[in-house]
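See structure below.
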Amino acid sequence: MAQAIRTTCAYCGVGCGIAATPTGPRSVIIKGDEAHPANGGRLCSKGTHLGETVGLTGRLLHPMIGKRRASWDKALDLVAKKFRETIERHGPDSVAFYVSGQLLTEDYYVANKLMKGFIGSANIDTNSRLCMSSAVAGHNRAFGEDVVPASYDDLEQADLIILVGSNTAWCHPIVYQRIQAARAARGTKLVVIDPRRTETCEGADLHLPIRPGSDVALMTGLLAWCDAQGVTDPAYLADHVNAPDGFWDHVRTGHDLWTTAQACDIDPALLKAFFELFAATPRTVTLFSQGINQSIRGTDQVNAIINVHLATGRIGKPGAAPFSITGQPNAMGGREVGGLASTLAAHMDFAPENVARVGRFWAAPQMASKPGLKAVDLFRAIDEGRIKALWIMATNPAVSLPDAGRVRDALEAIPFLVVSDIIADTDSSTHAHVRLPAAGWGEKDGTVTNSDRTISRQRPFMALPGEARPDWWIITQVARRMGWKNAFAYDRPADIWREHARLTAYQNEGQRLLNLRAQAAIGNDAYDAMDSFRWGGVPFADGHFPTPDGKARLVLTKQMDLQGPLRDWPLTLNTGRYRDQWHTMTRTGLAPKLARHREEPLVEIHPQDADVLGLADRDLARVSTAQGNSIFRVSISDGQRPGEIFTPIHWTDQISSGGRTGLLPRPLVDPHSGQPGFKSTPAAVEKISTQWQGFLILRGQEPVNLPCLWATRVAVPGGALYELAGNGDAARLEACLPRGERVEAIDHVRGSRRVAIIQDGRLAGVLFVTRTGLLPSRDWLIGQLAADDVGATVLAARGPGSQPDKGATICVCFDIGLNQIVAAIRDQKLVDVPAIGKALGAGTNCGSCRPAIANILAQTSQETLHAAE
Ligand SMILES: Nc1nc2c(c(=O)[nH]1)N[C@H]1C(S)=C(S)[C@@H](COP(=O)(O)OP(=O)(O)OC[C@H]3O[C@@H](n4cnc5c(=O)[nH]c(N)nc54)[C@H](O)[C@@H]3O)O[C@H]1N2
Ligand SMILES: Nc1nc2c(c(=O)[nH]1)N[C@H]1C(S)=C(S)[C@@H](COP(=O)(O)OP(=O)(O)OC[C@H]3O[C@@H](n4cnc5c(=O)[nH]c(N)nc54)[C@H](O)[C@@H]3O)O[C@H]1N2
Ligand code: SF4
Ligand SMILES: [Mo]
């Protein structure tokens, strides 16, 4: 067998190390890298199943101009010519790049250099604008530089961990496992602050289900409490921190416990318990993500958290820090090269001396001298015709920007659109004039930086498929064709890495903490062999901050007004992620195992609201906002607060006819960071009745278009499963079935229709539709895709002596369902998660489902208790 190649996970900002052993041209065995500092060998469900996503299904393998295949030369010449012409005619600010935290640092560096130093505009922004730009702005305000002052090791040294606006168990599962391990080892306390009761709250010491958007009130209330109880650190404040005029007066007025509890809409006793725990525990890490950043007051929310840490001296010490964790695998690398429109390069802003310095270093013909357009403004400028050529790389804004309907209109209208992606058809690339095939994970070669500043290598272990090329190569080819041959004459990622490292060190006598001087002369072999390392040591350990006077800054933050429900939009829409899907599902959507956890996009709603709206579990409902509407499957959940609903961000046009959350959020942004407030949009919900419902299972993964109201597709072993619902005659759905021997059972009275197509004894497709009855479990039928002697009995949808329904899949690694876990708990009297693991295997591999199992255990024990009473 081939040797394992050490690389880094394709997905989240935890940045887990992976040992990948290729077993064929497009197949690989994935294991956690035991030597990697982020994960020490662990992987979550998404990382574990990366091997299921490296096939070539849906890949873009050749450059395309319009619908036609083109040579690289033709495509690159066209891109260079169109950009040059547009710049000549309308100036540098008439073009833009929209890039991504999923690019490697080397890709990011050359894109930034091309736009800011050579085209001469700062119109390069990134999907990180939607993700952590409020944290960047908050760090800059407080520390003078965008430095994350924490590392994962702090999680093992803290006595209290506070998770604010973070569904860590699903979105940063290995960080969550490290937290749970620390709790087991040393009794670390855990507090979760989230309006929803997520799986992250399972087993937490406290969960504060605050009113959405009330985090500034909460944190300022906490600071007021610390001040009143003498928990602040006067010596640290005097030596290392500046406070703006009126700061303490503001904190001391109107932030008592009762007022705070009311603002946050939680029980004062619960709030007091949290305050007391905080006051008593100096080693505190406050970890935050999108519940904080994705708000129209996100930057103030970030600073409200940092204020508490600065005022109590809980920073720059082991186990004590505010910790912004990043979402994407290289969100941090993008920040380091300066890939946001609001930063210049290498942690420098647009101050004239920085513009001059970077211009000198790049020998740049025309430097951008001011910030460019931030993502939401950028797409508005496109809509208004001010941007005439756009290049999108490694992101899917037609799905992920707020008010995505408007974004689609802009993409349709722009005179010239280039999209570099690994996938042929995305909701964004369908509008492109030129599509460029990028190298994907397992093929690309370079570096990424994770949430705790650890830089790791992504290494290739597969050959480039078709004509796919790395992003850095594509960008430098265009730059050369635009006339800048020497400035972009790189032969390999290591050339770019060295230049990036040199720029971080260039005329940097300690003004900037980001300094990769030691990397500036690294050889090609050493770059290839590079071990993961963290830059910046323990930031601020000496109490010195990268501000002009060396002191950190408290920031006066104000709680925003929180509107009550509006007449037309009585509910508040919160949006976010599922455990086993990644964003627009272009990769996780290929993995049958990952599809099992949530097969359809749900709108989660509190029982009281469901009652008022006449909604039952598994109904279909339309969610509307002022921006648009989309249809979701109803899931009634008391984990929601009344008046608030939640939908996932993952579903797209490519895989569904509904469930598209991107159409719904309003495009309002934070005034400092420009980050959209994705987490609360006024919304309304109404029930949708359909005359029939059904499902379709097809061999193979080629997508089909289904003419009905509701259709969502997920990958299953050997094929795809579509859930369907609609009105009118369901017979027209049969057009989607392949040709072959047809068996059918049609009951006109009950309106049920079961059709199977068999080719050479193998199942090619089945369609089940009903107007009144129940539909059978899909599991057995899906299993028949692998059988080779299928006959007409397949329409019974169960085999002889077939197993009872397993229920919703909980453990994807071992394919264990809810019903199996409940039965095992009852029958075998299991009392804890390890016991269930022993009995069923569930939760013993990647561990991502352990919080879910704990939840089932708690509920089942409660039910059993009630039954006994
Ligand atoms: N499985 C999976 N993991 C991922 C990703 C993925 O797509 N799938 N994406 C990655 C990326 S890019 C990112 S950015 C991260 C995001 O990771 P997270 O930030 O953990 O994920 P979200 O689900 O967006 O939102 C987090 C929580 O914020 C809560 N929240 C909403 N409003 C408020 C509020 O006003 N106050 C507070 N305190 N909380 C609030 C929501 O209820 C939600 O549970 O995940 C990364 N990891
Ligand atoms: N309503 C709502 N919207 C949100 C959020 C939310 O919480 N709520 N979260 C926001 C956040 S935090 C984020 S990060 C965004 C994410 O949103 P997007 O960035 O739009 O989502 P992805 O699906 O990750 O898009 C990445 C694209 O790059 C392609 N790709 C993968 N690897 C490569 C590569 O190496 N090179 C190239 N060229 N292409 C590649 C993939 O096929 C895919 O099409 O969504 C944002 N939108
Ligand atoms: S936590 Fe999971 S998704 Fe994130 S880097 Fe690790 S294995 Fe990948
Ligand atoms: Mo993100």
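The values are calculated or read from the model by the stated rules, or taken from the named source; none is laboratory data. Just so it is clear, the structure is predicted and the values come from calculations on it, not from any experiment. Every residue, glycine as well, gets a Cβ built from its backbone with ideal geometry; the counts of neighbours run over all protein chains shown.
Listing for the model above:
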{"quantity": "Residue within region 679-693 that is in contact with a helix residue (DSSP H, G or I) (Cβ under 7 Å, 6 or more places away or on another chain), assigned to a loop (DSSP other than H, G, I, E, B), surrounded by 23 or more Cβ atoms within 10 Å (Cβ to Cβ) and not assigned by TED's automatic domain parsing to the domain that holds Leu706 present", "calculated": "yes"}
{"quantity": "Members of region 205-234 found to be free of Cβ contacts under 8 Å to residues at least 40 places away in the same chain, surrounded by fewer than 18 Cβ atoms within 10 Å (Cβ to Cβ) and on the phi < 0 side of the Ramachandran plot, listed by number", "calculated": "Ala228, Pro234"}
{"quantity": "Asn140 vs. criteria touching a Leu at 6+ places or on another chain (Cβ under 9 Å) and within 30 Å of Gln519 (Cβ to Cβ)", "calculated": "no"}
{"quantity": "Subset of region 654-673 (residues that are surrounded by fewer than 23 Cβ atoms within 10 Å (Cβ to Cβ), at pLDDT 95 or above and in contact with a Phe, Trp or Tyr (Cβ under 9 Å, 6 or more places away or on another chain))", "calculated": "Pro667"}
{"quantity": "Of residues in region 562-596 being assigned to a loop (DSSP other than H, G, I, E, B) and touching a strand residue (DSSP E or B) at 6+ places or on another chain (Cβ under 6 Å), the one nearest to Ala621 (Cα to Cα)", "calculated": "Trp569"}
{"quantity": "Residue within region 286-293 that is crowded, with 24+ Cβ neighbours inside 10 Å, more than 10 Å from ligand 1 (Cβ to nearest atom) and either closer than 23 Å to Tyr152 by Cβ or touching a residue at least 24 places away in the same chain (Cβ under 8 Å) (or both) present", "calculated": "yes"}
{"quantity": "Any chance Pro548 is under 23 Å from Thr449 (Cβ atoms) and not small (Gly, Ala, Ser)", "calculated": "no"}
{"quantity": "Number of the condition not met by Cys9 [criteria: (1) over 21 Å from Ile422 (Cα atoms); (2) touching a helix residue (DSSP H, G or I) at 6+ places or on another chain (Cβ under 6 Å); (3) not aliphatic (A, V, I, L, M)]", "calculated": "(1)"}
{"quantity": "Helices (runs of 4 or more DSSP H) wholly inside region 31-125 that include at least 1 residues being within 16 Å of ligand 3 (Cβ to nearest atom)", "calculated": "45-48"}
{"quantity": "Test: Ala463 is over 26 Å from the mean Cα position of the chain (by Cα), over 26 Å from Gly359 (Cβ atoms) and either crowded, with 24+ Cβ neighbours inside 10 Å or more than 16 Å from ligand 3 (Cβ to nearest atom) (or both)", "calculated": "yes"}
{"quantity": "Single condition Phe379 does not satisfy, out of (1) touching a Lys or Arg at 6+ places or on another chain (Cβ under 8 Å); (2) buried (at least 24 other Cβ atoms within 10 Å of the Cβ); (3) of a type in the set (Phe, Trp, Tyr); (4) farther than 30 Å from Asn629 by Cα", "calculated": "(4)"}
{"quantity": "Meets criteria (part of a helix (DSSP H, G or I) and assigned by TED's automatic domain parsing to the domain that holds His500) for Gly385", "calculated": "no"}
{"quantity": "Qualifying positions in region 310-336 - away from ligand 2 (no atom under 16 Å from the Cβ) and crowded, with 24+ Cβ neighbours inside 10 Å", "calculated": "Leu310, Ala311, Arg314, Ile315, Ala320, Ala321, Pro322, Phe323, Glu336"}
{"quantity": "Among the candidates Ala756, Ala735, residue that is surrounded by fewer than 19 Cβ atoms within 10 Å (Cβ to Cβ), under 29 Å from Asp619 (Cβ atoms) and not assigned by TED's automatic domain parsing to the domain that holds Ala852", "calculated": "Ala735"}
{"quantity": "Spans of helices (runs of 4 or more DSSP H) in region 250-354 with at least 1 residues closer than 19 Å to Glu145 by Cβ and at pLDDT 95 or above", "calculated": "290-293, 298-311, 331-337"}
{"quantity": "Filtered residues of region 489-523 (kept if free of Cβ contacts under 8 Å to residues at least 60 places away in the same chain, surrounded by 13 or more Cβ atoms within 10 Å (Cβ to Cβ) and among the basic types (Lys, Arg))", "calculated": "Arg492, Arg498"}
{"quantity": "Failed condition for Asp383, given (1) of a type in the set (Asp, Glu); (2) under 23 Å from the mean Cα position of the chain (by Cα); (3) over 18 Å from Gly144 (Cβ atoms)", "calculated": "(2)"}
{"quantity": "Members of region 654-670 that are more than 16 Å from ligand 4 (Cβ to nearest atom) and assigned to a loop (DSSP other than H, G, I, E, B)", "calculated": "Gln654, Ile655, Ser657, Gly658, Gly659, Arg660, Leu664, Arg666, Pro667, Leu668"}
{"quantity": "Qualifying residue in region 216-227 (condition: touching a Pro at 6+ places or on another chain (Cβ under 8 Å) and in a helix (DSSP H, G or I))", "calculated": "no"}
